Structures are given as structure tokens and as C-alpha cells.
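Each reported figure results from applying straightforward, stated rules to the coordinates on display, with no laboratory input. Not measured: the values here are computed from a predicted model. Here the Cβ is made from the backbone with ideal geometry for all residues, glycine too, and neighbour counts use every protein chain on show.
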């Protein structure tokens, strides 16, 4: 992987592309039962929590100049980090498949050619993006992001100009569950952000710009999805596009947004694989991840991703809680051993706590309570060890 320094503007563009996503619009449709007022409050609350954590994760990578999974070694040890790297590669291949599936389904709804054909088209474009390389996208990425921005604004205007189908919500989703769904999306990027901030010219600025841009755009996508469901009475992307009367422009939104978001998943799968085994080529593993995601999208149905989002939260919320405590509070030196058994046990307890908290309706969601529990366990364990 290239190690040229990237500008703050480049980091902002990368995370704009990550935010403009069909998965985010689809997740936004789940918020319709809350109505506009509560829905927007849940979306914003969740994103403030998730994007603050995203900023901290990016800052660790930027300041240490380490990839996301290399920073995990600092807290969990060389081999301990491989466990999280393997989980991260699996979730990234999963995300790649989900995004290609959603994109192909939506594209086929606008221009029928067969879902498998659109899977191949989108998968091929993602592989092309990978082969060009994140450091060499340059003007192509700027043009793509500009077109995507204009098209998304048009989509937003079309939806919110429509006649209301039902402006108020209905029963079906608690506020706490909605906040957690809002936190879950930025949380899913936690194991990736350092892969991009590690080579930033200005790590601190790049980290907050990345988190801010992603947070704003992601909220926008959620609101588009919720608005489409409430105002237009639609929850499918292709129906939303067709009802907005966008036609080919809508098709461009679908394909471009899928490619620019899913590229990051596949690219980071390659970077994470290098943490498992140094001899692996990150770029070619990224190509393999895109190919595997394309094949999975053709073969398997992937219509409901809520359980997947909650699984990501339960794995990575306690992981980043341990890292934040070690790096920012305890200011520990990098773990030199193969395993940090202490931190791995704390992570496991945090994982169990998250799964248990899923059965409790907490107004601020599960992530913050789980992270507080995990951080307190970290501090208590550190005190016990140092007082021996």
C-alpha cells in the first residue's frame, strides 16, 4: 500500500463518499415509526455519539501513523490483534456483499437487466477503483463526489417536495433502539478510519474533518430514508428513485454511491489482512474481498441488516473502549507481548454486557453504557495490577 501523505481535503472527500450510501438511506427508513421530530433527534443523538468515537479512533491512528488493526496491537498484543483483524476482514467482506446486493437490487429496479448483471457491474467498478488506488484517485474522486453531491441534493428536494403520505410516526421502534441504530453505522467504520488517517498530513485535523463530514452526510442519508418512508410512503431505494422521477440520474446515484462506499470496505479488508500476515498483498486481498462480496451478493439474500449492525456494535464498541482507555487515559506504552490476556478478558466481558444490554430499552442506546462498563473494568484491572 502507498504511504504518501494525504491532505485534509482528501480525507474529507473519502468520508463524504462513505456517508453517501444506500445502506444508510435504507437504515433511515426504519426510523419512520418515530415520526420526524423524534426520528431526527434519534439520528442526530446517535451520530454525535458514534462520530465522537470515530474521531478518537482516527486520532489514535493518525498520531501513531498506524493502520486501524496495527493500533489494536497496542492494546491487545501482536496475536490478540489478529483476532480482531480477522473479525474485521469478515465484517468488511460482509459489508461489501451487502452494499453490492443493495446497489444491484436498486439499480435493477430502475433499469431491469437482472440483479446478477448489476452485481457484476458494480463489483467490477469497485475492483477498478481498488486497482487505481486510494492515493491515485485524485480528480476522478473529486468529479465523482461532486456529481454524487448534486444528484443527492436533487433526490432530497424531490422527496421533500412530495405530498405527505404520513407525516407522523406509528408504534414499532423505541427511541433507545433508534439511537442505537444511528450509532451503529459510524461504529461500523471504527475499525477502518485509521487506515486513512495514518497517512494524513495533519492527523488531528484530518480525524475531526473525517468524523464531521461523515457524520453530517450520514445524518442526511438517514433523513432522506426516513423522509421517503414518511412523505412518499416508500422504503425501497428503486421505488424512492422512480417516485422522485430521477431515472438515469437516479441510477447514477445508486451506482456511484455504492462504488465509493464499498471501495473503502474492500480496501480496508486488504489493509487489515496485512495485520494477520505481513506477506499478504493488501491491494490484491482487497480485490479478492470485492470479488467475494460480488459472488455473495449474487448468491444470497441480504434484505435486513439490523442484526448485522448490532453484532458489529457488540464486537467493536468494547474494543474501542479498551483502546481509548489505554491510549488517552492510562497512556500505556504499546503492548509488546503476543497477547494482552487482561484486555482480551475485559473485551469479552464488554461483548457479553452489550448483548445483555440489548434486552434493556435505554434512551441513549447500548453503546455508551457498554463502553462505560468496559472502561471502568479497564481502570479497575489496571489499579489491581499496579497495586500488587
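Against the chain, whose longest principal axis comes from its Cα atoms, helix 8-19 is set at around 60 degrees. Using the Cβ-Cβ distance between residue 383 and residue 7 with R0 set to 56 Å, the FRET efficiency works out to roughly 0.85.
Of interest is the spacing of the C-alpha centroids, which for segment 240-282 and segment 100-120 amounts to 14 Å. The alpha-carbon atoms of segment 10-75 define a convex hull whose volume equals 113 cubic angstrom per residue. For segment 183-306, the Kirkwood hydrodynamic radius from C-alpha pairs, put into Stokes-Einstein at 20 °C and a viscosity of 1.002 mPa s, yields a diffusion coefficient of 127 µm² per second. Between residue 154 and residue 303, the distance separating the two model label sites (each 7 Å from Cα on the Cα→Cβ line) works out to 3.0 nm.
Summary of packing: across the peptides 256-265, 55-64, the per-residue average of other C-beta atoms within 10 Å ranks them, highest first, as 256-265, 55-64. When Rg and the Kirkwood radius Rh are both evaluated on Cα atoms of segment 253-388, their ratio Rg/Rh stands at 1.05. In this rough spin-label picture, where each label sits 7 Å from Cα along the Cβ direction, the residue 330-residue 363 distance is 3.3 nm. Remark: spin-label model distance residue 349-residue 242 equals 5.4 nm, labels positioned 7 Å along the Cα→Cβ axis. Between the Cα long axis of helix 78-110 and the first principal axis of the chain there is an angle of about 0°, rounded to the nearest 10. Taking the C-alpha atoms only, the angle from helix 282-299 to the longest principal axis of the chain is near 50 degrees. Judged by the mean number of other Cβ atoms found within 10 Å, the most tightly packed of the peptides 41-53, 90-102, 324-336 leads the ranking 90-102, 41-53, 324-336.
For segment 8-304, the pair-distance distribution built from all alpha carbon pairs, in bins 5 Å wide starting at 0, is 1, 6, 12, 16, 19, 18, 13, 8, 4, 2, 0, 0 percent.
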